[in-house]
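Read through the structure below, which is laid out as structure tokens, and then see the notes.
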Amino acid sequence: MLNTRETIIQRNLDFWLTCTTFLKVIGRKGTSLGETIALNNTYSTIKTCQSTNRMSLPNETINPWKTLKSEVVYDNKWIQVRHEDVINPSGGEGIYGVVHYKNKAIGVIPIDSEGYTYLVGQYRYPLDEYSWEIPEGGGPMDEDPIEGAKRELLEETGLIAAKWTKIARVHLSNSVGDEEGFLYIAEELTQAQAEPEDTEQLHVRKILLTDAIEMVMRSEITDSLSVMGLLKIARLRGI
């Protein structure tokens, strides 16, 4: 049995399939009498579907979830984990584990005048894997993300940018956490001294922007903030 979300998706799919059939037939020359009658019936169906689909679209301002109980089960400087008893959108009781992040995620794609960017490599403890990423880090909730972007770029690469462009606001894992991320392009670069944190063992790699995007396509870059940022630039710049 379909749930509410699946039902809405199916209705919309049925609606667009009906519209596609209607437009294909009406675009042909020499439509027969039988096809004309079918067209009249199809048109009526489309009008009905339009009305039905408008009514079945979700109200994006109303939260269908209800929290019955919330308990903090883990807490440190960076994250907080809550166990919650809930009523789900279908009306059933359930549980939810929520990871609350205490900082914003900030990523920067530096691009120099020759079309090169800079990747940062480090070993990621949770994954037990080495990871190539764009310069990135966390910024306080009460700070403008652009300030965190400038700080992370300098700390990890030693670069200072005169031109900044915000290209995206994203959520990194919204099924379990509330982490919010911001992505920037940094241009008109000058080299200064890197200032990595004590917990970081970083390697900086200068690479053509097009090659970095190809690394994403080959799944050699898997960090979500890096993937989103590089693919967004590829779309914006027609790469």
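The values are calculated or read from the model by the stated rules, or taken from the named source; none is laboratory data. This is a predicted model, so every value here is computed, not measured. FYI the Cβ positions are ideal-geometry reconstructions off the backbone, even for glycines, and counts take in every protein chain you see. All accessible areas refer to the heavy atoms of the entire protein, side chains included, with ligands and DNA or RNA removed. Shrake-Rupley method; radii C 1.70, N 1.55, O 1.52, S 1.80 Å.
Taking the criterion of being open to solvent by 30 Å² or more (accessible area, probe 1.4 Å), of a type outside the set (D, E, K, R), in a strand (DSSP E or B) and out of contact with any helix residue (DSSP H, G or I) (no Cβ under 7 Å at 6 or more places or on another chain), the residues of segment 139-186 that qualify are P140, A162, T165, H171. Reported count of residues in segment 97-131, each being out of contact with any strand residue (DSSP E or B) (no Cβ under 8 Å at 6 or more places or on another chain) and of a type in the set (D, E), is 2. Of the numbered criteria (1) farther than 23 Å from E114 by Cβ; (2) open to solvent by 70 Å² or more (accessible area, probe 1.4 Å); (3) at pLDDT 95 or above, the one E197 fails is (3). Only one entry of A161, A168 meets the criterion of being touching a strand residue (DSSP E or B) at 6+ places or on another chain (Cβ under 9 Å), at pLDDT 95 or above, of a type in the set (G, A, S) and within 30 Å of R82 (Cα to Cα), and that entry is A168. Would you confirm whether or not segment 95-107 contains a residue that is loosely packed, with under 14 Cβ neighbours inside 10 Å and of a type in the set (G, A, S)? Checked against the condition, which is being loosely packed, with under 14 Cβ neighbours inside 10 Å and of a type in the set (G, A, S), segment 95-107 yields at least one hit. Taking the criterion of being surrounded by 12 or more Cβ atoms within 10 Å (Cβ to Cβ), modelled with pLDDT under 55 and either out of contact with any helix residue (DSSP H, G or I) (no Cβ under 6 Å at 6 or more places or on another chain) or of a type in the set (K, R) (or both), the only residue of segment 51-71 that qualifies is T52. Beta carbons closer than 6 Å, at least 6 apart along the sequence or on distinct chains, pair a first residue in segment 221-239 that is touching a residue at least 60 places away in the same chain (Cβ under 8 Å) with a second that is of a type in the set (V, I, T) and in a helix (DSSP H, G or I) for L230/I213; L230/V216.
No other residue among I213, I221 is of a type in the set (V, I, T), modelled with pLDDT of 95 or more and in contact with a strand residue (DSSP E or B) (Cβ under 6 Å, 6 or more places away or on another chain) apart from I221.
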